[in-house]
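Comments concern the structure below.
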Amino acid sequence: MSKIIALANQKGGVGKTTTSVNLAASLFALKQKVLLIDLDPQGNATMGSGVNKSNLRLTVNDVLQETVEITSVIIKATPGGYDLLPGNGDLTAAEISLINKPQRERKLKQALAIIAQQYDFILLDCPPSLNMLTLNALVAANSLLIPMQCEYYALEGLSALLHTMEQVKQNLNDTLHIEGILQTMYDPRNRLAQDVAKQLKEHFPSKVYKTVIPRNVRLAEAPSHGVPVLLYDKASRGSTAYMALAGEILKQARKTPAMQESEEMQYGN
């Protein structure tokens with residue numbers, strides 16, 4: 001059964017797209033069938049996957065507008081091995097045009113129903129805002145992965161995102177839950193980072209990943225070469241961290257519902 005994970009945080013610059021691209025490549029390296037969907041008009045996940053966003057004839061926008069079948073837009077086997085449903089600035093139009101459409105928040109969910117069973121994991125890279133595109137992702141997803149920097153305003157932003165998630169859960173997608181909270185660009189020498197990390201673990205003991213993504217030059221350089229860091233520098237700390245994260249997520253996915261429920265009861269979440 002396919003696992004659909006939305007990667008979201010309304011705060012920009014937290015490593016959301018970096019995580020989307022590198023997690024997709026790392027899961028593929030672990031023999032998983034993966035589809036990455038770029039829902040951000042900036043198209044950074046598309047570019048980071050080795051696809052020129054300026055040369056696209058069709059994008060996820062066409063899927064949301066229901067003018068084409070999703071199968072005709074998916075780009076097979078990017079350099080990272082995973083499939084890609086690309087995005088670019090055309091998605092800005094979707095934000096406006098979907099407003100007057102019936103079932104507007106379910107367009108992505110309806111489209112994914114056609115191909116979901118072809119994949120083990122579908123990752124949704126959301127824009128850095130809580131808009132109609134993000135709402136479509138939260139309605140389509142099974143769970144929410146939250147990349148975040150351990151900094152002063154991080155917990156406040158997390159509270160806003162969790163509030164939105166609860167509203168979606170009550171009204172549009174009652175199975176939505178937190179997949180995990182990922183600490184990104186982490187510098188252990190930073191006292192504030194240590195303090196925020198401690199608070200995260202106190203509030204969400206069963207949801208904070210053991211894996212921490214460090215600040216890493218090779219990780220920052222890889223997007224300019226249009227490849228995941230796994231292909232750019234396999235031995236780098238960034239690559240090793242994302243492989244560890246993929247392993248952690250895969251292990252969690254293989255747990256039975258009963259095992260997961262027991263674990264959450266144990267931690268009170």
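The values are calculated or read from the model by the stated rules, or taken from the named source; none is laboratory data. The shown structure was predicted, so the numbers you read here are calculated from the model rather than taken from an experiment. Cβ coordinates were reconstructed from backbone atoms using ideal geometry, including for glycine residues, and neighbour counts include every protein chain displayed. Note: accessible area is taken over every heavy atom of the protein model, side chains too, but ligands, DNA and RNA are not part of it. Shrake-Rupley method; radii C 1.70, N 1.55, O 1.52, S 1.80 Å.
Looking across region 4-58, the residues that are touching a strand residue (DSSP E or B) at 6+ places or on another chain (Cβ under 8 Å) and more than 28 Å from A235 (Cα to Cα) come down to I4, N9, K11, L39, D40. Note on region 1-16: residues that are at pLDDT 95 or above and either in a helix (DSSP H, G or I) or not hydrophobic (A, V, I, L, M, F, W, C) (or both) amount to 1. Take the conditions (1) touching a helix residue (DSSP H, G or I) at 6+ places or on another chain (Cβ under 6 Å); (2) open to solvent by less than 30 Å² (accessible area, probe 1.4 Å); S143 misses just one of them, which is (1).
When A244 is tested against (1) farther than 24 Å from N142 by Cα; (2) modelled with pLDDT of 95 or more; (3) small (G, A, S), exactly one condition is not met: (1). Quick check on my filter: what residues within region 20-38 are within 21 Å of R254 (Cβ to Cβ) and β-branched (V, I, T)? Scanning region 20-38 gives a single hit, V34.
Filter region 28-50 for residues that are assigned to a loop (DSSP other than H, G, I, E, B) and in contact with a helix residue (DSSP H, G or I) (Cβ under 9 Å, 6 or more places away or on another chain) and give the result. Across region 28-50, the qualifying residues are L30, Q32, K33, L39, D40, P41, Q42, G43, S49, G50.
Restricting the first member to region 97-118 and to residues that are in contact (Cβ under 8 Å) with a residue 60 or more places away in the chain, and the second to residues that are among the hydroxyl-bearing types (S, T, Y), the beta-carbon pairs closer than 7 Å and six or more apart or on different chains are I115/T71; A116/S2; Q117/S2. Pairs linking a residue in region 231-244 that is open to solvent by 40 Å² or more (accessible area, probe 1.4 Å) to a residue that is outside any helix (DSSP H, G or I), with Cβ atoms under 6 Å and 6 or more positions apart or on different chains, are R237/P214; R237/N216; A244/T211. Screening S159 with (1) assigned to a helix (DSSP H, G or I); (2) modelled with pLDDT under 90; (3) open to solvent by less than 70 Å² (accessible area, probe 1.4 Å) gives one miss only, at (3).
For region 69-78, the condition of being open to solvent by less than 10 Å² (accessible area, probe 1.4 Å) and charged (D, E, K, R) holds for none of the residues. Give me the residue from region 245-258 that is of a type in the set (D, E, K, R) and part of a loop (DSSP other than H, G, I, E, B) and, out of that set, most open to solvent (accessible area, probe 1.4 Å). It comes out as R254.
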